[in-house]
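The values are calculated or read from the model by the stated rules, or taken from the named source; none is laboratory data. All of these numbers come straight from a predicted model, not from anything done at the bench. Methodologically, a virtual Cβ is constructed for each residue, glycine included, from the backbone with ideal geometry; neighbour enumeration extends over all protein chains shown.
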Amino acid sequence: MEIRAKESGGRLTLYFSGELDHHAAKEVMRRAEDLLDRYMPLDCTLELSGLSFMDSSGVAVILRLYKRLLNTGGRIWLENPQEQPLRVLDISGIERLVKITTTAKERGR
Amino acid sequence: MNSRNYIKIELPSRSVNEGIARAAIACFAAQLDPTLEELGDIKTAVSEAVTNAIVHAYPDSIGRICLRGRIMTSGELEISVRDWGKGMEDVEKARTPLFTTGGPERSGMGFTIMESFMDKLRVRSKPGKGTTVVMRRTLEKRRED
């Protein structure tokens with residue numbers, strides 16, 4: 001599991017790739033929180049197109065980042081999840097709190 | 001045994017084995033020619049069951065986990081995850097959505113996901129003896145044309 005970061009105009013994009021399970025979750029959490037400390041973004045996008053697998057541990061990671069940004073008045077949303085992570089996200093009901101978007105290009109596939 | 005084929009793997013309860021367990025079951029399930037969605041569902045359910053054993057059955061030690069896959073004569077896929085760890089007093093409570101005794105990297109969604117992604121789920125547990133989770137899923141017949 002890898003995270004790359006890109007910042008522009010107060011908005012941080014974190015690119016997740018690989019598999020996000022309980023084994024990866026602690027390290028991902030630590031890395032993501034370090035990046036939030038460093039960039040202090042207003043808003044944060046998690047770009048998930050490279051994430052090939054995610055289970056409920058991934059939901060816990062996203063919820064924690066959501067709460068963390070909420071505390072500083074920021075927002076978080078998810079972009080371009082693949083089919084398997086999307087099914088987990090759907091069942092978790094996280095969309096009531098965190099918006100999931102798909103770019104036009106992806107939608108056309 | 002009432003099965004066409006089976007696989008049995010024993011793993012120590014180390015978190016690195018979560019990925020190995022779901023990859024092994026995905027490999028075994030491939031002979032049923034599952035769709036990508038079915039394979040994703042099965043891998044997710046296995047991941048949740050094995051993670052539960054690692055986190056809850058053996059919180060302070062490394063113990064044994066037995067993972068089995070079985071293709072029944074009906075064509076159904078059965079997966080079981082067994083441990084000899086702590087066990088649970090109240091299985092129904094553990095199955096309640098969002099209930100968790102796990103750390104901040106758990107969401108309390110594990111059983112909900114197993115229930116949603118598999119057709120049948122049975123959990124047997126005894127405090128001090130261990131837990132067995134058995135899940136079944138019928139895979140759609142692919143059109144052969």
>> Cβ-Cβ distance below 8 Å, separation of 6 or more or different chains: which pairs start in the range A:64-84 with a residue that is in contact (Cβ under 8 Å) with a residue 24 or more places away in the chain and at positive phi and end on one that is charged (D, E, K, R) and not in a strand (DSSP E or B)?
In response: A:80/A:106
> How many of the residues in the range B:1-56 are surrounded by fewer than 19 Cβ atoms within 10 Å (Cβ to Cβ), hydroxyl-bearing (Ser, Thr, Tyr) and in contact (Cβ under 8 Å) with a residue 60 or more places away in the chain?
Replying inline: 3
>> So for the range A:33-47 (the condition being surrounded by fewer than 17 Cβ atoms within 10 Å (Cβ to Cβ), basic (Lys, Arg) and out of contact with any Phe, Trp or Tyr (no Cβ under 6 Å at 6 or more places or on another chain)), does at least one residue qualify?
In response: yes
> How many residues, within the range B:81-130, are under 27 Å from residue B:70 (Cβ atoms), assigned to a loop (DSSP other than H, G, I, E, B) and either within 14 Å of another protein chain (Cβ to nearest Cβ) or free of Cβ contacts under 8 Å to residues at least 12 places away in the same chain (or both)?
Replying inline: 3
> Restricted to the range A:76-109, and to residues that are over 12 Å from the mean Cα position of the chain (by Cα) and within 18 Å of residue B:100 (Cα to Cα), which residue is modelled with the highest pLDDT?
Replying inline: A:88
> Taking residue A:48, is it in contact (Cβ under 8 Å) with a residue 24 or more places away in the chain, within 11 Å of chain B (Cβ to nearest Cβ), out of contact with any Gly (no Cβ under 6 Å at 6 or more places or on another chain) and not acidic (Asp, Glu)?
Replying inline: no
>> Among the residues in the range B:88-104, are any touching a Pro at 6+ places or on another chain (Cβ under 6 Å), surrounded by fewer than 19 Cβ atoms within 10 Å (Cβ to Cβ) and at pLDDT below 95?
In response: yes
>> Among the residues in the range A:7-23, are any within 29 Å of residue B:52 (Cβ to Cβ), more than 13 Å from the chain's Cα centre (by Cα) and among the hydrophobic types (A, V, I, L, M, F, W, C)?
In response: no
>> Criterion first (small (Gly, Ala, Ser), buried (at least 21 other Cβ atoms within 10 Å of the Cβ) and more than 30 Å from residue A:66 (Cα to Cα)) does residue B:110 satisfy it?
In response: no
>> Just to be sure I understand, how many residues within the range A:76-96 are under 26 Å from residue B:49 (Cα atoms) and either in a loop (DSSP other than H, G, I, E, B) or among the acidic types (Asp, Glu) (or both)?
In response: 6
>> Condition first: of a type in the set (Val, Ile, Thr) and within 11 Å of another protein chain (Cβ to nearest Cβ). Can you find one or more residues in the range B:52-75 that meet it?
In response: yes
>> I'd like to know if the range A:64-75 contains one or more residues that are modelled with pLDDT under 95 and either of a type in the set (Asp, Glu) or in a strand (DSSP E or B) (or both).
In response: yes
